[in-house]
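Asker: Below is a structure I'd like to ask you about.
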Amino acid sequence: MTLFEKIIARDIPADIVFEDDKALAFKDISPQAPTHILVIPKKPIPRVGEAEPEDEAILGHLLLTAQKVASDLGFNSSDKGFRLVINNGKHGGEAVPHLHVHLLSGRQMQWPPG
Ligand code: AMP
């Protein structure tokens, strides 16, 4: 069982900000911005590189969930904004093998990312 599956199962505590039947959103334990939330599917898809065609609705749901959380926190406006990041594999910087979308906001983001 991965760390994030344990969070879904409430075996490990997390600061959960949103939940529905398909997704969970909780605060990142090591925030890289004033707001840093992880949006994960309840289905244990390891990474976007291993998603299947049947996961299309879940993948779309993750982005719409991130949009909802960003809106609820007041970041979904052109003068504020937010960044969504998905790390995939070693070179992508992935540490937890359960698909997650990072929602970062509350400061000016830089480009390119490191
Ligand atoms: P990634 O490097 O894209 O796999 O991101 C994994 C993220 O999970 C990192 O930003 C970690 O800070 C975060 N993380 C690790 N353990 C926990 C935890 N127990 N609760 C919340 N976030 C965590």
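Asker: Measure nothing fancy, just the Cα-based angle from helix 56-72's long axis to the longest principal axis of the chain, in degrees from 0 to 90, nearest 10.
Answerer: Result, in degrees: 40.
Asker: Okay, moving on. Quick check: residue separation of ASP15 and GLN67 times 0.36 nm, minus the Cα distance between them. What number comes out in nm? Write out the running numbers ahead of the final one.
Answerer: Values: separation 52, 0.36 × 52 = 18.72 nm, distance 1.84 nm.
My answer for the length gained is 16.9 nm.
Asker: For GLU54 paired with GLN32, estimate the spin-label separation in nm (one decimal), with each label point 7 Å from Cα along the Cα-to-Cβ line.
Answerer: If labels sit at GLU54 and GLN32, their model points lie 3.2 nm apart.
Asker: Still on this structure: Dipole of the chain, Cα-centred, from +1 at each Lys and Arg C-beta and -1 at each Asp and Glu C-beta, to the nearest 20 debye?
Answerer: Using only the charged Cβ atoms, the result is roughly 380 debye.
Asker: How high is the relative contact order of the chain, in percent, with contacts defined as C-alpha pairs under 8 Å that are six or more residues apart?
Answerer: It comes to 30 percent, rounded to a whole number.
Asker: What is the sum of charges, Lys and Arg at +1 and Asp and Glu at -1, for the other residues whose Cβ falls under 9 Å from the Cβ of SER105?
Answerer: +3
Asker: Roughly how big is the range 67-112's charge dipole about its Cα centre, with Cβ charges of +1 (Lys, Arg) and -1 (Asp, Glu), in debye to the nearest 20?
Answerer: On the way: 5 positive and 3 negative charges, 12 e Å.
Charge dipole, the range 67-112, about its Cα centre: 60 debye, nearest 20.
Asker: What's the extension gain from ALA95 to ARG107 if we count 0.36 nm per residue and subtract their Cα-Cα distance?
Answerer: The ALA95-ARG107 span can extend by a further 1.9 nm.
Asker: Further question: How would you classify the chain from its alpha-carbon gyration tensor, with a ≥ b ≥ c the square roots of the eigenvalues: rounded for a/c under 1.5, else prolate if a/b is greater than b/c, otherwise oblate?
Answerer: Rounded shape, in that the Cα axes give a/c under 1.5.
Every number in this text was worked out from the coordinates using simple rules, so none of it is lab data. Quick caveat, the model's predicted, so the values are computed rather than measured. Positions of Cβ are backbone-derived with ideal geometry, glycine not excepted, and every protein chain shown enters the neighbour counts.
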